[in-house]
Structures are given as structure tokens and as C-alpha cells.
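The values are calculated or read from the model by the stated rules, or taken from the named source; none is laboratory data. Everything quoted here is computed from the prediction, not taken from an experiment. Note that we place each Cβ from the backbone using ideal geometry, even for glycine, and neighbour counts take in every protein chain shown.
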Amino acid sequence: MLIQVFLIAATLGLVVVLLQRRGTARTRAWKRLIMVALAGAAVVSILYPDLTTRVANFVGVGRGTDLLLYLLVAVFLYVVVGFYLKFRDVERQLTVLARRLAIDEATQRQLGIRVAAAPRASADD
Amino acid sequence: MSITQSDVCVVIPVYNEAAVVGDVVRELRQTYPLVVCVDDGSGDGSSQAVLDAGALLVRHPINLGQGAALRTGIEYAMTLPQVRWFVTFDADGQHDIVAIEPMVELLRTAQAQIVFGSRFLDRRSEIGGAKRAVLRAAIWYTRSSTGLALTDTHNGMRVFDREVAEALDLQMNGMAHASEVLSIVARRKFRYAELPVHIRYTTYSKSKGQPLINGVNILFDLLLK
């Protein structure tokens, strides 16, 4: 079935995104193009509800709603992975920042300069 | 101890170890005056215990993980110009201080740039069956991925020189840093050695130690790197 080809391709694409993600400007452009295309497809499918079922039948899925569900799962996974990678980048930046603060504070303490007390760490994790 | 060891800096990551870290620092400082403790955002007064014991304190404003704390401690120690040899040490008192000296000696005599402590080079450390099995698996994984011939890949005790300290730019904030250290050593082809370290598994250190299931987390961290 054609749908299986699409879904497997989407899954493999996920792995590729995980393994190599460089060239931020270009991937951002692609993301935007895909978003525009998706919005267009949404409008068309709202105007012509039968169309999704016809597309579904064409790729080997019984109903249009089923097709939407499958696509939703694929898109959801991309979003999750995207957030995961972004989160990890932010975590790294946060680490560098916190380290800088910690070392500066320690150096100043060593030099006998009084520094404002660092905010207390929350003990709830 | 007659010879001064002020060119040795002991780096200890500390997270909620107020009950024991003071004694560990005091015992260390009888031989090694320079002790840097990185309080990784503890909420239990670990910082005060560290300062009272006379160690240098570096305090993360938030909890970042042991790998991050180690890197912070090493970076801070590198700002101290008299330091030539860096020691990483656990805060929970399970490491034996007398093990440090022969390790530093290997560096002083230029036989290695980094010396790893090992629980498996002799039979003194009593390690339970399940823990032993997981550690064995970790050793096999590291050997096949880095090619380093080590008998204990997840020992918190290491001694290294300034060049290695510079290179140990750990990105893994959590517990996967042990494997990261090894892959850096393998990639940069640092000369390494291994010496036995006796680990005292006290009730306290067992309660603070890594739950075995965390091995799964470490594996995933490494795979998703």
C-alpha cells in the first residue's frame, strides 16, 4: 500500500533529523514551506470534505479520518523530537551560563569580595 | 605527610551530601590542602558544610547533574595556577584517600596522563551480583566502543594532568559523563593507566548510589548524543 511507503518514509525521516541537523536557515525555510502547504491542504479539505477520503483511498486507507490520524501521529513524532532537540540545546546553554555564574562567584569569594547571595535552589526535584 | 601536595587539586561533585561531605573534605585536606567542592544546587546545607571543612566552594545556582558539576569543578581548578594534577573524587566517602597518592605518582613520573581507579583490579571491594553484572556490561560496551582496555569504566575516581583537564569538555550533564570521559581519552589518545581503588559500600553510599535501572538512562543518553 502507498500509505505504508509514506509512513515508513516519515519514520526514517525522523531518524535522519535526529542524526544530522545542521544548516538551520535552510531547515527553517523548509519548515515554513511545509507549514504553508499544510494550511493550504487544510483549507481545501474543509471546503471539499470528500477529498480526504478520495486521497485516502488512493494511498490505500479506507477513510479520510483514518488518513488524518496516521498523518497526525507522524507529525506529532516530528514535533516531539523537535522539542526534545531544542530543549537539549537550551539545557546546554543553561549549563554554560550557570557554570559561568558559579565560577565567577567562587573566584570573587576567594578574592574576598562580598557578593549577593545566590537565590536558593529549590529542593523539590 | 612531609611533602606538600599543593599542586594537587581534588574536585568533588556534591549534591545533598551535607551529612558526610564535611568529614570527607577534612580527611582529604590532611594530605591535599586544595579541595574544590561543586555544590550542584543542594537544598540541605551542603555548601556550608563544605566551607566549614575548608574546601573551596563553587555553587551551581540550579541542579545540573553530576557531569556538569565535574566540568565546573575542573574548570575552576584550572584557574588556580599552582595546580598540576586534578583528582575527581566522590562526596559520599566511599573512596579511599590513600589510593590517590600512587595515582598521582604515575603522573609525576610521566607514566600516564590520566589514571583511572578500578574496583576490579583486586578483590577488596565487595560488589553485589546484580551491580557487578551491570558494571560488567558497561565495561564490555566501553571496550567495544572506545577500545580502551580498562577493568572498571564507571569509577568516580580519576587523576589527570592539565592537558586532559582541558580536553574533558563534558557535554553530558547527567551520569553518562563516565563514558564520555573514556571516549575523549580514546579519541585524543591520552596515555592512560589504571590502579586499584578500594570502594567502601557503606549503608549511606548505597542509599545515595545509582539505582541500577539508571543504567538504561545512561545508555539512551549516549545513543541520542
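If a residue has to be in a loop (DSSP other than H, G, I, E, B) and more than 20 Å from residue B:179 (Cβ to Cβ) to count, how many in segment B:107-122 make the cut?
Within segment B:107-122, the first condition is being in a loop (DSSP other than H, G, I, E, B), and the residues that meet it are B:109-113, B:119-122.
Pick out the ones that are also more than 20 Å from residue B:179 (Cβ to Cβ) and you get B:109-111, B:122.
Going through segment B:107-122 one residue at a time, the tally reaches 4.
Among the residues of segment B:166-195 satisfying the criterion of being in a helix (DSSP H, G or I) and within 14 Å of chain A (Cβ to nearest Cβ), which is modelled with the lowest pLDDT? Within segment B:166-195, the match that is modelled with the lowest pLDDT is B:177. Among the conditions (1) surrounded by fewer than 11 Cβ atoms within 10 Å (Cβ to Cβ); (2) within 21 Å of residue A:2 (Cβ to Cβ); (3) hydrophobic (A, V, I, L, M, F, W, C), the only one that residue A:35 does not satisfy is (2). Residues in segment A:51-95 that are surrounded by 12 or more Cβ atoms within 10 Å (Cβ to Cβ), within 30 Å of residue B:57 (Cα to Cα) and among the aliphatic types (A, V, I, L, M): A:94 alone. Selection of first residues in segment A:89-113 that are touching a residue at least 12 places away in the same chain (Cβ under 8 Å) and of second residues that are of a type in the set (S, T, N, Q) and not in a helix (DSSP H, G or I), restricted to Cβ pairs under 8 Å at least 6 apart or on distinct chains, gives an empty result. May I ask you to list the residues in segment A:78-102 that are among the charged types (D, E, K, R) and more than 9 Å from chain B (Cβ to nearest Cβ)? Listed by number, the residues that qualify are A:86, A:89, A:100. A residue that is among the polar types (S, T, N, Q), part of a helix (DSSP H, G or I) and modelled with pLDDT of 90 or more occurs somewhere in segment A:87-101.
Of the residues in segment B:115-132, not one is surrounded by fewer than 23 Cβ atoms within 10 Å (Cβ to Cβ) and more than 29 Å from residue B:213 (Cα to Cα).
Within segment B:121-164, being aliphatic (A, V, I, L, M), in contact with a strand residue (DSSP E or B) (Cβ under 6 Å, 6 or more places away or on another chain) and under 23 Å from residue B:24 (Cα atoms) holds for B:157, B:159. If I filter segment B:37-56 down to residues being surrounded by 24 or more Cβ atoms within 10 Å (Cβ to Cβ) and aliphatic (A, V, I, L, M), which single residue comes out as nearest to residue B:89 (Cα to Cα)? The residue in question is B:38. With respect to the stated conditions, residue B:80 fails to be surrounded by fewer than 24 Cβ atoms within 10 Å (Cβ to Cβ), touching a strand residue (DSSP E or B) at 6+ places or on another chain (Cβ under 7 Å) and farther than 19 Å from residue B:167 by Cα. The criterion of at least 2 residues that are within 14 Å of chain A (Cβ to nearest Cβ) and touching an Asp or Glu at 6+ places or on another chain (Cβ under 8 Å) is met, among strands (runs of 3 or more DSSP E) falling completely within segment B:1-106, by B:8-14, B:56-59.
Going through B:61, B:102 one at a time, which residue ends up being touching a residue at least 40 places away in the same chain (Cβ under 8 Å), surrounded by fewer than 22 Cβ atoms within 10 Å (Cβ to Cβ) and not charged (D, E, K, R)?
On the way: B:61 fails: touching a residue at least 40 places away in the same chain (Cβ under 8 Å).
The unique qualifying residue is B:102.
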